[in-house]
Amino acid sequence: MAGTKTFINTSLATLQITLFIREGNDPINQDGTVSFTLNPEETQTITYGNDQNSFLNGILLFTIFQGDLYSKMQFVTVSGSELDNLLNTNNVITITKELTDYVISGNNSGLDAVNEAQTIAEMRAAIEDPQLGLDLTAYNSLTEAQKDQVAGTVLANRPVSGYPTVASVQEALDDAIDQIVDPNNIFVRAGSVGGDGSRANPFGTIQQGIAAVNVGGTVYILEGTYPITSQINVNKSGITLLGESDPLLLLQANVIPLLVSANNVTIDGLTMTSDIPYAVEFIQVGGANVNIINNTIYGPPQPGPMSGWVVNRAVVSQNNVSNILLENNTFYSLRTGMYINPNTTGAINNNVVYNTKGGFLVDRAFTTFSGNSWGIPINEFDIVLLAGTTTGPPYNYLTALSAANNGATISDQR
């Protein structure tokens, strides 16, 4: 939302005030001004900027009072400066005349409420007050019981002298949220020991995360390398495995690392490879309505020719899989990008595939293709229509199929 501040003029002078609005978060960027008059001993609330530009970069004071002309302009040049903190961490700005100067000071009633709270209910009210200016995106996703738990942690961890700034409250709030064990949002980090599935104390393996997450929840796979020596069965309906901070799944055994046996599963943002080539696929799909999006899967180098390569594949669908979505993935240095088994249906869109013997192998399936592209080294063939595949839709117009996929080379073996 836009910025809002209350200005108090404790002097007997009429003040002309101009606020300089920041564009974004960097003080070097300006986004216009807003000007107003503050009469003697008047309190006025001013709204400025917008959702993206809610910080101030500076202030200009001007007055003519009792025969004296007064003008002072102050600008922020570095984030975190005294003026930056005064203008942007307080919701009340007071202007007081001291001798020949007009002095600006600030206070934050929301911060005062945080430091005066004695109960969980009072702390929750203080945290949720928009005047405090916290980012409550993660907080608002919690249950009421979890919000109570977070508020209790912020209250228990409050320094004896109180939280000094809004930023320190934000940090305490984020830390408290990270300690929540939410079965709808489970976290894993490679090498973590004794975790409970919270962001602050994650599990160490993906399988632990799947076991702990609720149906329909998300397992966040955090940074690190995950050695895979046994199969991970994604067997809960509606869950998402979401890579965060570039995790790497490293296959180190002759097993299919990810078997998606449940319906409505999403695999998003993972990088997968292997220490040596194994004659398996990295992801096998057996459930319906499975989304495989934004992943990078590649194999270790193999000497040519491609006909002698180990048959490793990024993705394989089982027979009769319905409504698979393969989108925005990158596959390379594999024998095959995806082998699409009989009666599989779905959409294969906007993937990048290169250095494979066959990008997509269609074996009596009915998936559509759109927007896929092909890098260097080139594939032997981009799309292969194997014997037995229909000669009707969606593979009856091969020129259009090629054009819809950035000039795909098509091997028609029907």
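Within region 88-99, is there a residue that is in contact with a strand residue (DSSP E or B) (Cβ under 7 Å, 6 or more places away or on another chain), part of a strand (DSSP E or B), closer than 28 Å to Ala126 by Cα and open to solvent by 30 Å² or more (accessible area, probe 1.4 Å)? Spell out the reasoning first.
Quick first cut of region 88-99, residues in contact with a strand residue (DSSP E or B) (Cβ under 7 Å, 6 or more places away or on another chain) only: 88, 90-96.
Cutting the leftovers down to part of a strand (DSSP E or B) gives us 92-96.
Pick out the ones that are also closer than 28 Å to Ala126 by Cα and you get 92-96.
Next, only the ones that are open to solvent by 30 Å² or more (accessible area, probe 1.4 Å) stay: 96.
Checked region 88-99: at least one residue is in contact with a strand residue (DSSP E or B) (Cβ under 7 Å, 6 or more places away or on another chain), part of a strand (DSSP E or B), closer than 28 Å to Ala126 by Cα and open to solvent by 30 Å² or more (accessible area, probe 1.4 Å).
Only residues that are of a type in the set (Gly, Ala, Ser), touching a Gly at 6+ places or on another chain (Cβ under 9 Å) and within 25 Å of Asp275 (Cα to Cα): list them for region 295-347, please.
Restricting attention to region 295-347, the residues satisfying the condition of being of a type in the set (Gly, Ala, Ser) are 299, 304, 307-308, 314, 317, 322, 333, 337, 346-347.
If we keep only those that are touching a Gly at 6+ places or on another chain (Cβ under 9 Å) too, we end up with 314, 317, 322, 333, 337.
If the condition is that a residue be of a type in the set (Gly, Ala, Ser), touching a Gly at 6+ places or on another chain (Cβ under 9 Å) and within 25 Å of Asp275 (Cα to Cα), then Ala314, Ser317, Ser333, Gly337 are the ones that fit.
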Cβ-Cβ distance below 8 Å, separation of 6 or more or different chains: which pairs start in region 386-399 with a residue that is closer than 14 Å to Thr368 by Cα and in contact (Cβ under 8 Å) with a residue 12 or more places away in the chain and end on one that is among the β-branched types (Val, Ile, Thr) and open to solvent by less than 50 Å² (accessible area, probe 1.4 Å)? Thr389/Val362; Pro394/Thr367; Tyr395/Val362; Tyr395/Thr389; Leu398/Ile410
Over region 279-337, the set of residues farther than 20 Å from Val265 by Cβ and either touching a Lys or Arg at 6+ places or on another chain (Cβ under 6 Å) or open to solvent by less than 10 Å² (accessible area, probe 1.4 Å) (or both) is Gly299, Met306, Trp309, Val311, Asn312, Leu334, Arg335, Thr336
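Taking the residues in region 155-186 that are closer than 16 Å to Asn108 by Cα and polar (S, T, N, Q) as candidates, determine which candidate is modelled with the lowest pLDDT.
Within region 155-186, the first condition is being closer than 16 Å to Asn108 by Cα, and the residues that meet it are 161-170.
Still in the list and also polar (S, T, N, Q): 161, 165, 168, 170.
On the way: Ser161: 90, Thr165: 83, Ser168: 90, Gln170: 92.
Among them, the one singled out is Thr165.
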Does Ile239 fit the bill of being out of contact with any Leu (no Cβ under 6 Å at 6 or more places or on another chain), farther than 17 Å from Ala138 by Cα and of a type in the set (A, V, I, L, M)? yes
Within region 171-227, restricting to residues that are over 17 Å from Leu248 (Cβ atoms) and of a type in the set (D, E, K, R), the one that is surrounded by the most Cβ atoms within 10 Å (Cβ to Cβ) is Arg199
What's the number of the condition Gly80 fails, among (1) part of a strand (DSSP E or B); (2) within 28 Å of Gly162 (Cβ to Cβ)? (1)
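So is Asn341 on the phi > 0 side of the Ramachandran plot, in contact (Cβ under 8 Å) with a residue 12 or more places away in the chain and surrounded by fewer than 21 Cβ atoms within 10 Å (Cβ to Cβ) or not? Write out each step before concluding.
On the way: on the phi > 0 side of the Ramachandran plot: no; in contact (Cβ under 8 Å) with a residue 12 or more places away in the chain: yes; surrounded by fewer than 21 Cβ atoms within 10 Å (Cβ to Cβ): yes.
Considered against the rule, which asks whether it is on the phi > 0 side of the Ramachandran plot, in contact (Cβ under 8 Å) with a residue 12 or more places away in the chain and surrounded by fewer than 21 Cβ atoms within 10 Å (Cβ to Cβ), Asn341 comes out as no.
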Within region 236-267, can you find the residues that are under 26 Å from the mean Cα position of the chain (by Cα), closer than 14 Å to Ala314 by Cα and open to solvent by 10 Å² or more (accessible area, probe 1.4 Å)? Leu250, Leu259
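Report the residue count in region 15-41 for those that are open to solvent by 50 Å² or more (accessible area, probe 1.4 Å) and either in contact (Cβ under 8 Å) with a residue 40 or more places away in the chain or assigned to a loop (DSSP other than H, G, I, E, B) (or both). Steps first, please.
Of the residues in region 15-41, the ones open to solvent by 50 Å² or more (accessible area, probe 1.4 Å) are 16, 23, 25-26, 28-31, 33, 35, 37, 39-41.
With the extra rule that they be either in contact (Cβ under 8 Å) with a residue 40 or more places away in the chain or assigned to a loop (DSSP other than H, G, I, E, B) (or both), the set shrinks to 16, 23, 25-26, 28-29, 39-41.
Adding up the residues that qualify gives 9.
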Taking Ile59 and the conditions (1) of a type in the set (A, V, I, L, M); (2) more than 37 Å from the chain's Cα centre (by Cα); (3) surrounded by 13 or more Cβ atoms within 10 Å (Cβ to Cβ), which numbered condition does it fall short on, given that it satisfies the others? (2)
Does Tyr139 satisfy the condition of being open to solvent by less than 50 Å² (accessible area, probe 1.4 Å), within 29 Å of Leu60 (Cβ to Cβ) and aromatic (Phe, Trp, Tyr)? no
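Just need a number here: residues in region 111-150 that are farther than 26 Å from Lys5 by Cβ and assigned to a helix (DSSP H, G or I).
Going through region 111-150, the residues farther than 26 Å from Lys5 by Cβ turn out to be 118-121, 141-150.
Add one more test, that the residue is assigned to a helix (DSSP H, G or I), and what stays is 120-121, 144-150.
Counting residues in region 111-150 that are farther than 26 Å from Lys5 by Cβ and assigned to a helix (DSSP H, G or I) gives 9.
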Quick check on this structure: which one of Asp68, Asp51 is of a type in the set (Asp, Glu), touching a residue at least 40 places away in the same chain (Cβ under 8 Å) and farther than 21 Å from Asp112 by Cβ? Asp51
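The values are calculated or read from the model by the stated rules, or taken from the named source; none is laboratory data. In this text, all values refer to a predicted model and were calculated from it rather than measured experimentally. Backbone-built Cβ (ideal geometry, glycine too); neighbour counts: all protein chains shown. Quick note on the areas: whole protein, heavy atoms, side chains included, nothing else; ligands and nucleic acids left out. Shrake-Rupley method; radii C 1.70, N 1.55, O 1.52, S 1.80 Å.
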